[in-house]
């Protein structure tokens, strides 16, 4: 049956036809519930006033009711001389001193390092876990996935106690370890899922042709599971990039990340700058979603090729 | 003859096979070891220290070891000995000389058992003429020292290993003579919070199931192109930062927010009677349902996609009404997906922290928020650990159940 222009069979009752449309209305309402809150933020971030709602001017589509000042504020907040003309010095000032820029740098440093650690350890473990001779697979898998299940407050509290004992609290290294830990379950899940469709006879073929295990891994297995590794790494990065509780518990006051900056913005001085940041983050997640879809399609193509 | 010579060969062959198999097992295990060690160091040990701290607090006994020993000998009924008073005063003052922060910490611990103790202990620390007989001097300083209450409090907090934090997390408390009594109604807040958390998790799970089921159904039964578009609508919130989604709900629900403005504009409500939808339980429920909905839709969708239509068609052709065909034939086949989604949403909801903290106000706080509150505000870390351990046990039980019913290796992302 066509989705939008249905051909009802002649025996369909009036109730069935009404239900057909009612069901689609219900689904539409739920889709609106899912997506509208995110879409509403985007126009609100161009508000010329410091409200979290639409002004009369915005509804009348008056150009003066819209502005980019909250986007400018992302760069300017915390600068020595925010009103200076736009120049290389202005950009340098912004990059060095703007609160959001400092937070961005922290988020990137922690996120990239944590992703690196999580991806390497997670991929290695997945290769081991997917070997048929792996002992205690269920138990080990359960332990490796548990950081995703245990409530984040409990993990953060435990880390605070333990990392204080070993001198990792309030350090970048401690934050990187903590975020890497939270990212590893995602890497393990995605890479193991990719490996289930990996044809293990390729490994034997490579060994048969004289390749040593390392060559086999890098030249045969790795290229085939790469899409899974990349999407695992993306998951790990987004986990770190969106993480606030561990940072609140473990970080020094000046180790601000983007989520922490948003958190304190939402709790203390609520300003539409947060909406501007949120809009940028929405665009970022759209980019990530598209790149994930891309790796997924590539993976499917590879699957077809390796079977064909 | 031939078989005779073969026997040792077969034996060595099977031995060689066993050796090779063991070597393969070790090889596979070695690949997992780095991550396992990492998880042990940055997750298992931290969690273990949390569980440990819920039952161990040496703030008092470390600063006042002799007093601790004497308090443990004291039967909590007879008047306190001069020896105990002397040891208490001298050890407290000695601790102050070493580190001025220690007596305050000790006093805070006592103060949690017996309100008002903090100021009395500070008096002892600042008093200039503290000499033998210490007991008389203490009573001269403040006649509260003659009463047993503060000494009882000290007897309770003195032992390093103590069940009192776990008891407190369950609204019970231990008295100086070692009996366990339940907390009075005014102080019994932990069980209330645990049950509130469970209820919120249950309501959110139910809402997610009700909202997620039609979406998963329409996605599973639409054409691939339409279905992919719908999937993006589901996945975009899933991928969007949690803080962004929470910000969105603040913008929508607050009193000067989008929804209230809209309702006033179309005249449904009066400008003076704007709805209070923010900083309460309602906001917590709405925002949590929104955040967790994709976790329900995705497993349901993947199960529904694998359901063949022929069973439902068979039911219809045998004369079942559409409702019967759905309820008796289609719906039972969705149970694995529904169960997986419900368990996952429930597990995630029970430990939720960020959304209730930002939009929940006073009435929308959950157990995780109380743990954070004790960690950051009251600094009662042992109580935070005890509550956290109880929550952890609950979550691990649910996780075990999920693993039994669904299988953790079935968990898929996107």
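The values are calculated or read from the model by the stated rules, or taken from the named source; none is laboratory data. Since we're looking at a predicted model, the values are computed, not measured. Positions of Cβ are generated from backbone atoms using ideal geometry, with glycine treated the same way; all protein chains shown enter the neighbour counts.
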Residue A:216 vs. criteria at negative phi, over 23 Å from the mean Cα position of the chain (by Cα) and more than 9 Å from every other protein chain (Cβ to nearest Cβ): yes
Could you check region A:244-287 and list, in sequence order, the residues that are touching a residue at least 60 places away in the same chain (Cβ under 8 Å), at the interface with chain B (Cβ under 9 Å from one of its Cβ atoms) and farther than 25 Å from residue A:68 by Cβ? A:245, A:248, A:249
Could you please let me know if residue A:182 is without any contact (Cβ under 8 Å) to a residue 60 or more places away in the chain and either under 27 Å from residue A:250 (Cα atoms) or at the interface with chain B (Cβ under 7 Å from one of its Cβ atoms) (or both)? no
Within region B:33-57, the residues that are closer than 23 Å to residue B:159 by Cα and over 20 Å from the mean Cα position of the chain (by Cα) are B:57
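So that you can scan it fast, the table gives a plain yes or no per residue for (1) touching a helix residue (DSSP H, G or I) at 6+ places or on another chain (Cβ under 7 Å); (2) more than 30 Å from residue A:198 (Cβ to Cβ):
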site: A:91; (1), (2): no, yes
site: A:103; (1), (2): yes, yes
site: A:112; (1), (2): no, no
site: A:115; (1), (2): yes, no
site: A:120; (1), (2): no, no
site: A:127; (1), (2): yes, no
site: A:135; (1), (2): yes, no
What about residue B:135, is it over 28 Å from residue B:386 (Cα atoms) and in contact (Cβ under 8 Å) with a residue 24 or more places away in the chain? yes
Taking region A:118-137, which residues are surrounded by fewer than 24 Cβ atoms within 10 Å (Cβ to Cβ), assigned to a helix (DSSP H, G or I) and facing chain B (nearest Cβ under 8 Å)? A:124, A:127, A:128, A:129
How about region B:378-395: which of its residues are closer than 12 Å to residue B:190 by Cα, in contact (Cβ under 8 Å) with a residue 24 or more places away in the chain and crowded, with 21+ Cβ neighbours inside 10 Å? B:383, B:386, B:387, B:388, B:391
Quick one: which helices (runs of 4 or more DSSP H) lie wholly within region A:1-114 and hold at least 1 residues that are more than 14 Å from chain B (Cβ to nearest Cβ) and within 31 Å of the chain's Cα centre (by Cα)? A:69-76, A:88-97
With the first residue restricted to region A:60-82 and required to be closer than 18 Å to residue A:275 by Cβ and not assigned by TED's automatic domain parsing to the domain that holds residue A:272, and the second required to be surrounded by 14 or more Cβ atoms within 10 Å (Cβ to Cβ) and modelled with pLDDT under 80, Cβ contacts under 7 Å at 6 or more apart or on different chains are A:76/A:82
Could you figure out which of (1) away from every other protein chain (no Cβ under 14 Å); (2) surrounded by fewer than 16 Cβ atoms within 10 Å (Cβ to Cβ); (3) part of a helix (DSSP H, G or I) isn't true of residue B:308? (3)
Here the residues within region B:360-371 that are facing chain A (nearest Cβ under 9 Å) and surrounded by 23 or more Cβ atoms within 10 Å (Cβ to Cβ) are B:367, B:368, B:371
Quick check, is residue A:86 closer than 30 Å to residue A:257 by Cα, touching a helix residue (DSSP H, G or I) at 6+ places or on another chain (Cβ under 7 Å), exposed (fewer than 15 other Cβ atoms within 10 Å of the Cβ) and modelled with pLDDT under 85? no
Residue A:206: more than 10 Å from every other protein chain (Cβ to nearest Cβ) and on the phi < 0 side of the Ramachandran plot, yes or no? yes
Give the residues of region B:147-177 that are farther than 16 Å from residue B:70 by Cα and part of a loop (DSSP other than H, G, I, E, B), sorted by residue number. B:147, B:162, B:163, B:170, B:171, B:175
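Okay, residues lined up against (1) over 25 Å from residue A:235 (Cα atoms); (2) surrounded by fewer than 21 Cβ atoms within 10 Å (Cβ to Cβ); (3) modelled with pLDDT of 90 or more:
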residue: B:208; (1), (2), (3): no, no, yes
residue: B:216; (1), (2), (3): no, no, yes
residue: B:219; (1), (2), (3): no, no, yes
residue: B:223; (1), (2), (3): yes, yes, no
residue: B:228; (1), (2), (3): no, yes, no
residue: B:232; (1), (2), (3): no, yes, no
residue: B:244; (1), (2), (3): no, no, yes
residue: B:249; (1), (2), (3): no, no, yes
